[in-house]
Amino acid sequence: VHKRDPSKETATEKSCFHFLELTSRSFSAVIQELNPELLMPICLFYLVLRGLDTIEDDMTLDIAEKEPLLRQFAEKMEIDGWTFDKNGPNEKDRELLVHFDDIIVELKNTKKEYYDIIRDITVKMGNGMADYALNAEMNANGVNTIEEYELYCHYVAGLVGEGLTRLFVESNLANPQLLVRMDLTESMGQFLQKTNIIRDVHEDYLDKRRFWPKQIWSQYVDKWDDMFLPENREKALNCSSHMVLNALKHADDCIFYMAGIRDQSVFNFVAIPQSMAIATLELCFRNPAIFDSHIKITKGDACHLMSQSTQNLRVVCQVFRRYVRKIAKKNDPRDPNFLAISAQCGKIEQFIETIFPTQ
Ligand code: PS7
Ligand code: MN
Ligand code: MN
Ligand code: MN
Ligand code: MN
Ligand code: MN
């Protein structure tokens, strides 16, 4: 197991790890245990994207300022001493942007091969976020079609996966074949982001943001606000099942992707968030609490998932199977999505069975 060595770290490296711990819920620990070759590049990749997301999430920032900042973020991160401390952002992670000069120092010490990947993804994500922020501002109604929903998830998570896979292959820690199966990488990001969007529906509603596509929710309610009325709980739950079903279609690909990882520290890094996601999806499934609070898996469950996701693919598949079975058990025959969910759960179980037959 790899360990950081703080006695060999520069002041700006220490600062980067400080902001990593400050801003990440689950990523901080796994990043710090990464193979030394990728430790700093992925820490910086995380901090750059966290900076971008802090700007995207700041709903008090005027769109006239937000849009160009998102589009030009990759240029800002090349300017020595650049920070964002004038009058914002108002997000909880603003400290990171106030001290962004430290991240810039370390970005300049990064191997060109890695830096170019980080920069390329930052350009694409910043422009994608800007497009969606502008659209939400102009139409005041968020995402319409499933295609738009998945394109948003591509910008904020599929692209993260692309950058990470390129870093893993560049450093020889993953099978280069993963580069010709970018659809698998895309699924890794889509699965995490869709789970986040399902779980955060209430928090996003309070921020006047909507990521659930109209194409799906309009099958259950007439107006988005109606989703949150207590008298519509049954309709809202059926709608959330539809969203969970849509997320579950990525599960097979995620398992297949993880089979292509060669390094144990990289395996842990990719598997932990995926296990947390399937557990979170199960927690959200047919859970009315998502419509009025912020729900999270328990510390105990998270601990258990961590230890299981740091072994091997067989154990991670057992985790997936356990949660898929819990979803199948909770599935309600009165839900219009019942049959499709039942079939999808069966499909995932079958897929796991073909990789690891039970006898
Ligand atoms: C570079 C490790 C492993 C092939 C900050 C990890 C927001 C779910 O939506 O703020 O604002 O509520 O809770 C992580 C694929 C990305 C996708 C993405 C960068 C996995 C900025 C994580 C993480 C690809 C854009 C949660 C996607 O943030 O979300 C590194 C392979 C950041 C991964 C955002 C979302 C992360 C997320 P929201 P959160
Ligand atoms: Mn965001
Ligand atoms: Mn965010
Ligand atoms: Mn500073
Ligand atoms: Mn969210
Ligand atoms: Mn959240």
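Filter the range 119-134 down to residues that are of a type outside the set (Lys, Arg) and either open to solvent by 30 Å² or more (accessible area, probe 1.4 Å) or more than 16 Å from ligand 3 (Cβ to nearest atom) (or both), then give me how many there are.
Residues of the range 119-134 that are of a type outside the set (Lys, Arg), as a first pass: 120-123, 125-134.
Cutting the leftovers down to either open to solvent by 30 Å² or more (accessible area, probe 1.4 Å) or more than 16 Å from ligand 3 (Cβ to nearest atom) (or both) gives us 120-121, 123, 127, 131-132, 134.
Total satisfying the criteria: 7.
Any residue at all in the range 286-299 that is away from ligand 6 (no atom under 16 Å from the Cβ) and under 23 Å from Ile352 (Cβ atoms)?
Scanning the range 286-299, I find at least one residue that is away from ligand 6 (no atom under 16 Å from the Cβ) and under 23 Å from Ile352 (Cβ atoms), so the answer is yes.
State the number of residues belonging to the range 106-118 that are of a type outside the set (Lys, Arg) and surrounded by fewer than 17 Cβ atoms within 10 Å (Cβ to Cβ).
To start, the set of residues in the range 106-118 that are of a type outside the set (Lys, Arg) comprises 106-107, 109-110, 113-118.
From the residues that got through so far, the ones that are surrounded by fewer than 17 Cβ atoms within 10 Å (Cβ to Cβ) too are 109, 113, 116.
Number satisfying all stated conditions: 3.
Is there any pair linking a residue in the range 336-359 that is closer than 13 Å to Lys249 by Cβ and of a type outside the set (D, E, K, R) to one that is at pLDDT 95 or above and open to solvent by 60 Å² or more (accessible area, probe 1.4 Å), with Cβ under 9 Å and at least six apart or on different chains, and which?
Gln344/Lys249; Cys345/Arg325; Phe351/Phe256
If you scan the range 313-325, which residues turn out to be under 18 Å from Val244 (Cβ atoms), surrounded by fewer than 16 Cβ atoms within 10 Å (Cβ to Cβ) and in contact (Cβ under 8 Å) with a residue 12 or more places away in the chain? Working first, answer last.
Initially, the range 313-325 is screened for residues under 18 Å from Val244 (Cβ atoms), giving 319-325.
Then drop every residue that is not surrounded by fewer than 16 Cβ atoms within 10 Å (Cβ to Cβ), which leaves 322, 325.
Residue satisfying the conditions is Arg325 alone.
So for the range 118-128 (the condition being within 16 Å of Phe211 (Cα to Cα) and either of a type in the set (Gly, Ala, Ser) or in contact (Cβ under 8 Å) with a residue 60 or more places away in the chain (or both)), does at least one residue qualify?
Step one: list which residues in the range 118-128 are within 16 Å of Phe211 (Cα to Cα), which gives 128.
Next, only the ones that are either of a type in the set (Gly, Ala, Ser) or in contact (Cβ under 8 Å) with a residue 60 or more places away in the chain (or both) stay: 128.
Yes, the range 118-128 contains a residue that is within 16 Å of Phe211 (Cα to Cα) and either of a type in the set (Gly, Ala, Ser) or in contact (Cβ under 8 Å) with a residue 60 or more places away in the chain (or both).
Within 16 Å of ligand 2 (Cβ to nearest atom) and modelled with pLDDT under 95: is that true of Lys92 in this structure?
Details: within 16 Å of ligand 2 (Cβ to nearest atom): yes; modelled with pLDDT under 95: yes.
Judged against the criteria, Lys92 is a match.
So, in the range 162-178, of the ones that are outside any loop (DSSP other than H, G, I, E, B) and over 18 Å from the mean Cα position of the chain (by Cα), which residue ends up surrounded by the most Cβ atoms within 10 Å (Cβ to Cβ)?
Restricting attention to the range 162-178, the residues satisfying the condition of being outside any loop (DSSP other than H, G, I, E, B) are 162-170, 174, 176-178.
This time we only want the ones that are over 18 Å from the mean Cα position of the chain (by Cα), so: 169-170, 174, 176-178.
Numbers: Val169: 17, Glu170: 19, Ala174: 23, Pro176: 12, Gln177: 10, Leu178: 20.
Here the answer is Ala174.
Of all residues in the range 135-150, which are open to solvent by 40 Å² or more (accessible area, probe 1.4 Å), modelled with pLDDT of 85 or more and not aliphatic (A, V, I, L, M)? So that I can check it myself, show each step before the final result.
Of the residues in the range 135-150, the ones open to solvent by 40 Å² or more (accessible area, probe 1.4 Å) are 135-141, 144-148, 150.
Filter once more, so that each one left must be modelled with pLDDT of 85 or more: 135-137, 144-148, 150.
Residues satisfying the conditions are Asn135, Glu137, Asn144, Thr145, Glu147, Glu148, Glu150.
Kindly indicate the residue of the range 298-312 that is closer than 22 Å to His202 by Cβ and more than 17 Å from the chain's Cα centre (by Cα) and also surrounded by the most Cβ atoms within 10 Å (Cβ to Cβ) among those meeting that condition.
Asp301
Going by the conditions given, is Ala136 out of contact with any helix residue (DSSP H, G or I) (no Cβ under 8 Å at 6 or more places or on another chain) and among the small types (Gly, Ala, Ser)? Can you show your working first?
Values: out of contact with any helix residue (DSSP H, G or I) (no Cβ under 8 Å at 6 or more places or on another chain): yes; among the small types (Gly, Ala, Ser): yes.
So Ala136 passes the test.
Collect the residues in the range 179-188 that are aliphatic (A, V, I, L, M) and surrounded by 21 or more Cβ atoms within 10 Å (Cβ to Cβ), keeping them in residue-number order. First the steps, then the outcome.
To start, the set of residues in the range 179-188 that are aliphatic (A, V, I, L, M) comprises 179-180, 182, 184, 188.
If the condition is that a residue be aliphatic (A, V, I, L, M) and surrounded by 21 or more Cβ atoms within 10 Å (Cβ to Cβ), then Leu184, Met188 are the ones that fit.
Check every one of the helices (runs of 4 or more DSSP H) wholly within the range 1-98 and list those with 3 or more residues that are away from ligand 4 (no atom under 16 Å from the Cβ), open to solvent by 20 Å² or more (accessible area, probe 1.4 Å) and not small (Gly, Ala, Ser).
Details: elements: 11-23, 27-32, 36-57, 63-71, 73-76, 94-98.
Passing ranges, in order: 36-57, 63-71.
Look at the range 326-346 and say how many of its residues are open to solvent by 30 Å² or more (accessible area, probe 1.4 Å), more than 21 Å from Ile197 (Cα to Cα) and of a type in the set (D, E, K, R).
2
For the range 110-122, which residues satisfy the criterion of being more than 18 Å from the chain's Cα centre (by Cα) and within 22 Å of Leu151 (Cβ to Cβ)?
Taking the range 110-122 as the starting set, the residues that turn out to be more than 18 Å from the chain's Cα centre (by Cα) are 110-117, 119-120.
Ile117, Arg119, Asp120 - these are the residues of the range 110-122 that are more than 18 Å from the chain's Cα centre (by Cα) and within 22 Å of Leu151 (Cβ to Cβ).
Show the residue pairs that are 6+ apart or on different chains and have beta-carbon atoms under 8 Å apart, the first residue being within the range 96-107 and closer than 16 Å to Glu9 by Cβ, the second being within 16 Å of ligand 3 (Cβ to nearest atom) and not hydrophobic (A, V, I, L, M, F, W, C).
Final answer for the pair search is Ile103/Gly51.
The values are calculated or read from the model by the stated rules, or taken from the named source; none is laboratory data. In this text, all values refer to a predicted model and were calculated from it rather than measured experimentally. FYI the Cβ positions are ideal-geometry reconstructions off the backbone, even for glycines, and counts take in every protein chain you see. Just the protein is used for accessible areas: all its heavy atoms, side chains included, with ligands, DNA and RNA removed. Shrake-Rupley method; radii C 1.70, N 1.55, O 1.52, S 1.80 Å.
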